1. Taking GLN86 as the residue in question, decide whether it is modelled with pLDDT of 95 or more and surrounded by 11 or more Cβ atoms within 10 Å (Cβ to Cβ).
2. Contact list please: Cβ distance under 8 Å, first residue in segment 11-34 and modelled with pLDDT under 80 and surrounded by 10 or more Cβ atoms within 10 Å (Cβ to Cβ), second residue assigned to a loop (DSSP other than H, G, I, E, B) and of a type outside the set (Phe, Trp, Tyr), pairs at least six apart or on different chains.
3. Quick one: in segment 61-83, which of the residues that are under 27 Å from VAL38 (Cα atoms) and loosely packed, with under 12 Cβ neighbours inside 10 Å is modelled with the lowest pLDDT?
4. Pairs needed: first member in segment 73-101, in contact (Cβ under 8 Å) with a residue 40 or more places away in the chain; second member anywhere, in a helix (DSSP H, G or I); C-beta distance under 9 Å; at least 6 residues apart or different chains.
5. Residues of segment 35-49 being in contact with a strand residue (DSSP E or B) (Cβ under 9 Å, 6 or more places away or on another chain) and either surrounded by fewer than 14 Cβ atoms within 10 Å (Cβ to Cβ) or among the polar types (S, T, N, Q) (or both), which ones?
Amino acid sequence: MHTLQNPDNFEYKGPEIWGPCQKEAFEGLKDKLYTTPVLAYPNFELPFILTTDASKLAVAAVLSQVQDGVDRPIAYASRQMNRAEQAYNASESEMLALVWAKNFSFATSTTRNS
């Protein structure tokens, strides 16, 4: 966990072993990303913020809102790029992330209960 928090201290020592301890840590991190106070409920009276990012292999987006003066994530989304998309330059990859995220349905995380 310390390595994740301070990547300057990371030194590659060969392939990692994935055992019960690592699985438990991973599941704990996953739970923290999907529960309050990390994820906020959407307030449909406030504007939404769409933040995107791209790498050579994937695109990602975070739907968030400023609630009580704090930028709070509402939902996360990501996907792998296909082989053709992986050949995009940085600007094209960032544009792909934006277009994909704009068309992605965050409805499962933000649907109002009517």
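The values are calculated or read from the model by the stated rules, or taken from the named source; none is laboratory data. Treat the numbers as computed from the prediction; the structure is a model and nothing was measured. Because the Cβ atoms are built from the backbone with ideal geometry, glycine has one as well, and the counts that use them run over all protein chains shown.
1. Numbers: modelled with pLDDT of 95 or more: yes; surrounded by 11 or more Cβ atoms within 10 Å (Cβ to Cβ): yes.
Yes; evaluated as a whole, the condition is true for this residue.
2. Close Cβ pairs satisfying both conditions: LEU33/LEU39.
3. Checked segment 61-83; the qualifying residue modelled with the lowest pLDDT is VAL70.
4. Within 9 Å, the pairs are TYR76/LEU33; TYR76/SER109; LEU96/GLU85.
5. We begin by selecting, within segment 35-49, every residue in contact with a strand residue (DSSP E or B) (Cβ under 9 Å, 6 or more places away or on another chain); these are 37-43, 46-49.
Within segment 35-49, PRO37, VAL38, TYR41, ASN43, LEU46, PRO47 meet the criteria.
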